[in-house]
Amino acid sequence: MFRGRFAFTILIFFTFSLAVKASKANMDYLARRFELLKMEDGLRLGAESFSKMIAIFSIICLNLFTATTTANLPVENSKYFQVREELIQTEDHLSTGGEVQLNSKEIEVDRIFMKYKIEELKEGSHHPSKNAAGMHFFKAKPLIERSKVFRFLQQMPKGALLHLHNTAGVSSEWIVRNLSQSTGLLRCIDQRGINILTFRENPERHKCTTQYVAVNEERQKSRSQADYNRSFENLINLYTKRPELEYPTINHVWDRFQNMFSTVKDFIHYLPVYRVYLWQLLKESYDDKIIYVELRFSTIELYDDLGQVYTDKDVLTVILEVVGSFRSQYPDFLGVKLIYAINRRLETNEVRNRVEILKKFQ
């Protein structure tokens, strides 16, 4: 008990010390900000008075007046910019990592990175066609991929990837090159006009209004397999050269986005595909220098060639097996945290049952 109270006392003291330190820093910041605001108000009042003079004096008198009264401005501006710079430094100090001291190598890395960053910002400000930050992402993507800043960041360790959605974690290019070539993959169109990809014929479940067609046969019969693959990728990728025309409102792009999950859901939940898909999800993250993934998933119903359907418990076992194998091959990968997202409309008893299932895997 004494040990617990002692630890608690130390924790309170440590927390209080941090709070006092943060409070002093915040007070210093607020004082500097207040001083800066007063100076800005003074400059603003001076500007207002100056505007009134324009209505009174002629242009010639105004020029003479300006020449004789702006002599003091450099001193005032100098003080203003000094306080402003101090305020910016205080804000930097209060930000995350503001107290981290860089060593000589880190300072050199920071210098190189900032050089690239400033060069690209200047280029974008002088040439709007190269200002990636001011473009729609689809149009900016080629510029980003050629960016020195982006390539620099690609090589840096990222740490964790948080809240990644299970069904949107693998590149569409890889799916087209690999999973879409799987034997037995079928395609149909449901009553909403959405393409459904699957490895099982179940018209009632899929609500298909067309016959199932084999994707590989369809690809072989097409005039150009490359064109077919591009069309296939369009089923699972939002990219378009003209986003302003195809997605005129947020509702248009959101509906298309949601429909893509309907397209791939049954496709990805085929057990052999799911194992490969999950491995690739981890591999792409790892290749991006990510060593920890926070994976969000809802209820998953896996199925196999024999028509067997796997429960949540079975699915968790599959996930743990794949993650375990991946960590064995890549020991510096720290692991995966699963966020089990339960539909808020479920009955209380059903929620309890699923929570109990998860407890067994902790």
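The values are calculated or read from the model by the stated rules, or taken from the named source; none is laboratory data. Since this is a predicted model, take the numbers as computed values, not measurements. Positions of Cβ are backbone-derived with ideal geometry, glycine not excepted, and every protein chain shown enters the neighbour counts.
Structure above, values below:
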{"read-out": "Filtered residue count, the range 331-357, keeping only those that are in a helix (DSSP H, G or I), out of contact with any Asp or Glu (no Cβ under 7 Å at 6 or more places or on another chain) and either outside the structural domain of GLU284 (by the TED database) or not aliphatic (A, V, I, L, M) (or both)", "value": "6"}
{"read-out": "Options SER262, SER328, SER285: the member that is assigned to a helix (DSSP H, G or I), without any contact (Cβ under 8 Å) to a residue 12 or more places away in the chain and on the phi < 0 side of the Ramachandran plot", "value": "SER328"}
{"read-out": "Residue, nearest to THR263 (Cα to Cα), within the range 184-204, restricted to residues that are free of Cβ contacts under 8 Å to residues at least 24 places away in the same chain and in contact with a strand residue (DSSP E or B) (Cβ under 9 Å, 6 or more places away or on another chain)", "value": "ILE189"}
{"read-out": "Residue ID - nearest to ASN237 (Cα to Cα), chosen from residues in the range 274-294 that are surrounded by fewer than 20 Cβ atoms within 10 Å (Cβ to Cβ) and more than 23 Å from the chain's Cα centre (by Cα)", "value": "VAL276"}
{"read-out": "Residues that are touching a residue at least 24 places away in the same chain (Cβ under 8 Å) and in a strand (DSSP E or B), drawn from the range 289-325", "value": "ILE290, ILE291, TYR292, VAL293, GLU294, LEU295, ARG296, PHE297, LEU302, TYR303, TYR310"}
{"read-out": "Residue in the range 108-140 that is surrounded by the most Cβ atoms within 10 Å (Cβ to Cβ), counting only those that are charged (D, E, K, R) and free of Cβ contacts under 8 Å to residues at least 24 places away in the same chain", "value": "LYS130"}
{"read-out": "Of residues in the range 205-218 being without any contact (Cβ under 8 Å) to a residue 60 or more places away in the chain and surrounded by 19 or more Cβ atoms within 10 Å (Cβ to Cβ), the one nearest to LEU235 (Cα to Cα)", "value": "VAL215"}
{"read-out": "ILE189 being at pLDDT 95 or above, over 29 Å from the mean Cα position of the chain (by Cα) and part of a strand (DSSP E or B)", "value": "yes"}
{"read-out": "Selection status of SER222, under 29 Å from TYR274 (Cβ atoms), in the same structural domain as GLU284 (by the TED database), in contact (Cβ under 8 Å) with a residue 12 or more places away in the chain and of a type in the set (Gly, Ala, Ser)", "value": "no"}
{"read-out": "Odd one out for PHE232 among (1) of a type in the set (A, V, I, L, M, F, W, C); (2) outside any helix (DSSP H, G or I); (3) over 30 Å from LYS122 (Cα atoms)", "value": "(2)"}
{"read-out": "Selection within the range 295-341 - within 21 Å of ALA160 (Cβ to Cβ) and aromatic (Phe, Trp, Tyr)", "value": "PHE297, PHE326, TYR330, PHE333, TYR340"}
